[in-house]
Amino acid sequence: MFSDAHNHDDTPRGAAIRTASENDVPVLLELFERSRIEGQLRENDTGADIDHLVAGYLECKDSGFWVAEIESAIVGMIGVQRVSDDSAEIRRLRVRDGFRRKGIGSSLMEQAISFCRERQFLKVVLDVRIERGAALAMFDTFGFLQGREREVEGRKLRDFYLDLYSDTTTDTQI
C-alpha cells in the first residue's frame, strides 16, 4: 500500500510535510472523526476549526496548519493558533492509526515548533489526555514542561508548555 520509495524530504518513513489547503478539509475531518471514535476528543469538540481551516489557520499570519503525506495520502496533521501576543497553542496533532510511532508525529511537531520560533512566540502550549503515553513521551523529548493536570468531562488532561525564550542556542561569542 504505502512504501518509502517516494521520500519527498528527510522526514521519516517518506512522509512529506506541507501546508494544508482547503481541498484537504474532508480528509482532515475524517481524521478528526477517527479521533472521536477512538475516544480522544472531548464530547463538545465539534471540529469547527477544521471546517473553517482557511479562516481559522491559513488566513491568520500567526497561525498555520500542516499535513503529513505519504504517496499523496494524508496520514497526519497539526495546527498552530496564536492565543496571545507572545504565545501559541499546538492543536489537532493526529497521526493515522497504522502510521503511529514512526516519527511522523515528531516531524509534525518539529514543523509546528519551527513555525512558532519563526513567529517569535515566547511560549507554546498544548494539552493532552493523560492516557496518551506515547504523546506524553514525545512532548518530553521536545522539552515541553508539564503544567497542571485537570479533569474535563471525566477525562484527565495534562497541560504542557514550551518556553521558547529560554532557548540555549543563542550566540554567546565575545
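The values are calculated or read from the model by the stated rules, or taken from the named source; none is laboratory data. These numbers come from a predicted model, not from an experiment. Virtual Cβ from ideal backbone geometry, glycine too; neighbours counted across all protein chains shown.
The figures follow:
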| read-out | value |
| --- | --- |
| Which listed residue is polar (S, T, N, Q) and within 17 Å of Val25 (Cβ to Cβ), from Ser106, Ser72 | Ser72 |
| Set Val75, Val67, Val95, Val83: member being modelled with pLDDT of 85 or more, surrounded by fewer than 17 Cβ atoms within 10 Å (Cβ to Cβ) and within 20 Å of Gln111 (Cα to Cα) | Val83 |
| Any hit, the stretch 110-132, residues being at pLDDT 95 or above, surrounded by 13 or more Cβ atoms within 10 Å (Cβ to Cβ) and of a type in the set (S, T, N, Q) | yes |
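The rows are residues; the columns are (1) more than 18 Å from Leu136 (Cα to Cα); (2) without any contact (Cβ under 8 Å) to a residue 40 or more places away in the chain; (3) within 9 Å of the chain's Cα centre (by Cα).
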{"site": "His52", "(1), (2), (3)": "yes, yes, no"}
{"site": "Tyr57", "(1), (2), (3)": "yes, yes, no"}
{"site": "Gly64", "(1), (2), (3)": "yes, no, no"}
{"site": "Ile70", "(1), (2), (3)": "yes, no, no"}
{"site": "Ile74", "(1), (2), (3)": "yes, no, no"}
{"site": "Ala88", "(1), (2), (3)": "yes, yes, no"}
{"site": "Met109", "(1), (2), (3)": "no, yes, yes"}
